[in-house]
Structures are given as structure tokens and as C-alpha cells.
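Structure record follows, encoded as C-alpha cells.
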């Protein structure tokens, strides 16, 4: 009786450790540890009910076990930063891993009939599994919870559920390993299969996420190349038109001299305006000296114009940068796209976006401004705008955040006088 109580208590300790280490936390470390400790206390007290007080009641055992499962999974969801199916998957996986450690302790007890040895062996197995998982998949698991590109699918939660049920039927119900030790070999290999399966599955999810990132990079590069082609054709067209204009200038000069002789100053003014309009039509807009940034800004300006949004851009970006031109341009494109997509829905307010993009003397500054109608919800932890449905940030904002972290920048958002401001500042 005491062996089971101690074994269950050890399992609950490692269960809460798994929750604490593998779930992206919503609260401070101290508060999260306090919540996990409270859950551990509840699980331990309820163990006393089903193992000691009502040891002969199958009904009590079932009811208490279901209650403990609910407490465990709700703890994971409660402490999680993102309360979705991905977190539930992590919580259910924790239960599967912990039951694997408990079964190892039971196997040692069957083989040795020594309570102390089986408890120590169970501790070693629990610790070994936790260490291996922390080393192999903890970072992957934490990134998996943050990936907005990986949509939460409730079906994936069936994997740990079936692992847990399989362990239960092999090792505890209807016969325990004490009563049917012939299942021990199968249980051992099943534990190994589970660990390998999770490592492979999470690494696959990581590779899929990277593949998605590569896809979006290729989409950006494709649009960048198309914009370069467009700029090239515009330059060719402008060059041809200007050649024609230069060829016709001596005719315009003769017309001006003739009009001067006739003192037709109004006609001269009209002719000068015509010449200016021809020159303006063939002017290729240049936002900055950086080819990549200039191309993407031209693309976004054209897109805004097609959507009826006025864009005012001030860009000071040199040809050479100490970081990736493509990443910098992608960040600016994401911010502009977010702002344009937001203001295009306005009915009464002015559809206008202002942007300042500077890199001078080792300082990076991106400042975007636009009016807003509905309240903008800012994340309490990061200060970044959250989605309207409250499910974190989109891929664009994640890209901006990753770039800021890479160059050691600071992000900030604030609302003032009906204007939403987004700023990224970094000193390289």
C-alpha cells in the first residue's frame, strides 16, 4: 500500500515537472511553480482516497482517476501562454511519459520484490526519460506551441491518449504486471516505441514548419524578382520615351522662340506644363538607394494604390547593410501589408499609412503609423498587437519579432490621438 502511494507521488512530481518545463508559460516562474505545486497536492490527497481510504471501491478508483486526469490537463492549459489543442497535446504526452516511468518501477518490483530498489529504479527511469526528452525535444515542443503556421488540430491529441490507454491495458487493467508478468517484454518495447515516436513526430513537425518558412521566403523572393523585372521594363520604357523627348526638344525650342516673338506667354506656359507632365510620366519613383528595399516599397505602394490607400513613405537605406537585405525588406513589407489591410476597410476615416524606414550611422528605425477604428489589443507580455480573435500574432508579426531579436532590436506599439504607432529600433 505504501509502495503504491510513494510510486504515485513520484509520478506526480515528474508529471508537474514535465508540465513546468515543456509548456510555454503564461505567468511568472514562481507563480507557475506554485500552481503546479497546488496541483501536485490535490493529486496526492486524492491518491490517499483511492489507495488508502477507499482501497476496495472500484467506483471510487475510477471517479478519482478521472478527476485527477482533469486536474492534470487543466493545470497544463491554465499555466500555458497559448490555450489550444497544441498545449493539450503536450499535457497528454506528459501523462503518457509519466505512466511509462511508473510501469518501469512496477517491472522492477516484479523482478526484484524489493520495494526500495523498485522505487530507486523508478526514480532513475523517470529522471532518464525527462533528461532525454529535455535534450531531444523540449526546444522543439516549445517552438511548436508558438508556431502560428501550424494550426492546432485536435486529432493529434489522440496519439498520447491511445498511448496512455495502451499502457493502462497492458500493465494495469484488467491484470497488473504482478499478475501477468508475461506482458513485461511487450511493455518495455512499447515504452521505447513511444519515446522514438514522439522524437520523430516532433522533429517532423519542426521540419514542416521550416519548410513552410522556406516556402514563404521563396514567395517573397519571387515577388521581389517580379518587381525587379517590372522596374527594368519601366526603365526601358522611360529611357525610350526620354530619347523621343530629347529628339523633339529642338522642335519645342523652335515653338517657344516663335511664341516669344508673338508674345503668347500663356501658350508658352501650357507648353512648359506639357513638357513637365511628359517628364513626370517617365519618372521612375526611387524611395532609397537599396535595390531590394526600393523594389519592395514600389511593390507595396502599387498594391496600396490599387486598394485605394494613400501611402507616404520616407526611406533612407544605403546599398549595403550589415544584415540581410531580404529579411529587412520582408519585415517592412509585412508591416506595410498589415497596415494597408487594416485601413482599407475604413468607411469614414482616411485610408492612409505613413512609414519611415531609416538605417543611418548603425541605427535601424522603422516607424509605421495609421488611424484605427476598433480598439487594438496589445499583448501584456510583448506589447505587440494581438489578433482580433485573441489567438496570438500572425506570421507577419512573428517574422518582425524574429528579425528584431536577431539584430538585438526593441519593438514598441502605442495608440495616441486615434493613431496607431509601431516602432522597431536597433543599434547595430
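Things to note:
- Residue 350-residue 316 FRET efficiency (beta carbon distance; Förster radius 30 Å; 0.05 resolution): 0.75
- Taking 7 Å steps out from each Cα toward its Cβ at residue 427 and residue 31 produces label points 3.2 nm apart.
- Ascending count of other beta-carbon atoms within 10 Å, so fewest first, for 154, 111: 154, 111
- Taking every alpha-carbon pair in segment 291-427 and binning the separations at 5 Å intervals from zero gives 2, 9, 21, 24, 21, 14, 7, 2, 0 percent.
- Cα-projected label distance for residue 81 with residue 207, points at 7 Å along beta-carbon direction, nm: 2.7 nm
- Cα-derived Rg over Rh, computed across segment 294-355 with Rh taken as Kirkwood radius: 1.02
Read the figures in this text as sums done on the coordinates, not as results from a lab. Just so we're clear, the structure is a prediction, and the values are computed from it rather than from any experiment. Here Cβ is always computed from backbone atoms with ideal geometry, including for glycine, and neighbour counts include all displayed protein chains.
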